[in-house]
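Written out below as structure tokens is the structure these notes cover.
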Amino acid sequence: AQRVTQPEKLLSVFKGAPVELKCNYSYSGSPELFWYVQYSRQRLQLLLRHISRESIKGFTADLNKGETSFHLKKPFAQEEDSAMYYCALSRVTGSSNTGKLIFGQGTTLQVKP
Amino acid sequence: EAGVAQSPRYKIIEKRQSVAFWCNPISGHATLYWYQQILGQGPKLLIQFQNNGVVDDSQLPKDRFSAERLKGVDSTLKIQPAKLEDSAVYLCASSLRGAGTLNYGYTFGSGTRLTVV
């Protein structure tokens, strides 16, 4: 069965410190991985996806198929990064994506001044 | 562009009552999703529509939950009768490209927070 695990419920860092939010997944095929973010009183929104290999708001994430991980990293945390972060997986079969997202439980990032 | 609209924002009902949630996706989005997010957990897919057809409803508790998307646009999710464990945020999302394509873009609504007492 497909599963996404975010081992930390809360990650608290000081402004300017490096951040790494962990995500591990369980899936036998080729998944598509995402990070979603939810700021206070805002809707869930896409932060980045692994196939884009992009950096959004200074965040990057690399898919490590050997370790089945997709950790989210940022070298210098900002107070405005404080939010709930969800790692999500979507199944890919051939060139098709099912569209269904399987979410982890989420990690609250708290950046202190 | 306008986002995914959901109503109501909040609903409090007693157990065994019925409740309905409404979702209006982004114009032109073929695929619509309903997720349930229980406090402290990530969202879980309840049902996925492609136009007005059901693609995946494997995790929908069909004895009490039902959903429809009659004209391939708006959708309604109903719970009848509600149980205490149905207390959650119900999120609607839509995407431009349907299931079966590699690239798509999800947009979530603000959700409906249901409290069953």
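The values are calculated or read from the model by the stated rules, or taken from the named source; none is laboratory data. Predicted, not measured: the structure shown is a model, and the values here were computed from it. So basically every Cβ, Gly included, is an ideal-geometry build from the backbone, and we count neighbours across all protein chains shown. SASA here: full protein model, heavy atoms, side chains in, ligands and nucleic acids out. Shrake-Rupley method; radii C 1.70, N 1.55, O 1.52, S 1.80 Å.
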Inset, instruction - Please specify each residue of the range B:1-30 satisfying the condition of being charged (D, E, K, R) and away from chain A (no Cβ under 13 Å). - result: B:GLU1, B:LYS11, B:GLU14, B:LYS15, B:ARG16
Inset, instruction - Considering only residues that are of a type in the set (Ser, Thr, Tyr) and part of a loop (DSSP other than H, G, I, E, B), look in the range B:89-114 and name the one that is modelled with the highest pLDDT. - result: B:SER110
Legend entry - Out of B:ILE26, B:ILE12, sole residue that is modelled with pLDDT under 95 and of a type outside the set (S, T, N, Q): B:ILE26
Inset, instruction - Would you please name the residue that is nearest to A:LEU89 (Cα to Cα), looking only at residues in the range A:1-20 that are outside any strand (DSSP E or B) and modelled with pLDDT under 95? - result: A:GLN2
Inset, instruction - Would you check if there is a residue in the range B:58-76 being open to solvent by less than 60 Å² (accessible area, probe 1.4 Å), at pLDDT 90 or above and among the basic types (Lys, Arg)? - result: yes
Inset, instruction - Mind listing just one residue for me: the one in the range A:80-96 that is open to solvent by 50 Å² or more (accessible area, probe 1.4 Å) and of a type outside the set (D, E, K, R) and, of those, modelled with the highest pLDDT? - result: A:MET84
Legend entry - Tally of residues being touching a residue at least 60 places away in the same chain (Cβ under 8 Å), open to solvent by less than 20 Å² (accessible area, probe 1.4 Å) and outside any strand (DSSP E or B) across the range A:21-79: 2
